[in-house]
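The values are calculated or read from the model by the stated rules, or taken from the named source; none is laboratory data. What you see is a predicted model; the values in this text were computed from it and never measured. A quick note on method: Cβ atoms are made from the backbone with ideal geometry, for glycine too, and the neighbour counts reach across all protein chains shown.
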Amino acid sequence: MTDEELWRELGCPQRPARIWQKAFDYEPLHCEQLCDLRESAATPPGRRGPLDFELYLDDLTYEETQMDLLLYLLPLCLRAWSMNLLGETGWFHAYGQRFWHPWGSSNQYRTQALFDQLSGPQRQAFQRYVTDGILEAIDRSPGLQAIDRNPVLPSLDSHVPQAYCYRWIRELGSFATICPGLSMLWSKWWNLETKGRAIAALQYISCLMYEEGANLIFSQGTSGGRPPRLWDDSMDVNNRAWHPANLGFSKRCTDSHRTGVGDRQVSFALSGSPGSCHCGPDEN
């Protein structure tokens, strides 16, 4: 989903004639500068770096939200989130850790989380953009790392580091905590239409199948010295469970039969070219 498509699905919001958004740091200039950056169509973060984005997150988290301003800036804010997820820049690391906070929390000015204040079509557009961003990160997977001469998966590349998957797994956890649309992402991922999605499926399944020290996909050389924890998220502070809709969905999708993934399906996806496989369910 492109920024232009997101903007159209949000209702083609225009720059507000008046910005009344209260600044948490008492200096509202960052809102004007973000609007200027949005109008210029320049690549974030702009000349001031990520500071304006981080200050605006504070406004959304702690102050009353000017919704027409938020809708106008949302494509820019989500683009910065995507750039951090895809590793396109190091500017937005702190922004990425705090990005989800206002979307899942209320404050003294609103009784709902910010995500719930969007209209139905706007929530769908938000979720589609995030889903496409996570899938793009999955599609860019550099490969697999397995133990030497793995008898189960002998074709796996044994020298490509696994650390890449930690980022998208944590982002998936944040998305599943705040938004109810995990099923939308899941169905696109587990169709295994690209090599990256097949690799991600093996990584994810291995964390369900094996105890931490016995995982055949993740060796001692991976980041953190252990497989990723599937319940982790990208937020610096979070004590919430997944959205109830996602908890119910995940309980129905925790074995290979219900995800529709069989060994031959994954093997075919990995042996073909990215984007070339359209496999049906395993016959067994």
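Residues that are at pLDDT below 90 and among the aliphatic types (A, V, I, L, M) occur in region 38-50; there is at least one.
Surrounded by fewer than 22 Cβ atoms within 10 Å (Cβ to Cβ) and modelled with pLDDT under 75: does that describe Gly181?
Spelling it out, it is not the case that Gly181 is surrounded by fewer than 22 Cβ atoms within 10 Å (Cβ to Cβ) and modelled with pLDDT under 75.
Within this structure, Cys77 passes the test of being under 23 Å from Gln122 (Cα atoms), part of a helix (DSSP H, G or I), in contact (Cβ under 8 Å) with a residue 12 or more places away in the chain and within 24 Å of the chain's Cα centre (by Cα). For region 1-44, the tally of residues that are at negative phi, part of a loop (DSSP other than H, G, I, E, B) and among the small types (Gly, Ala, Ser) stands at 3.
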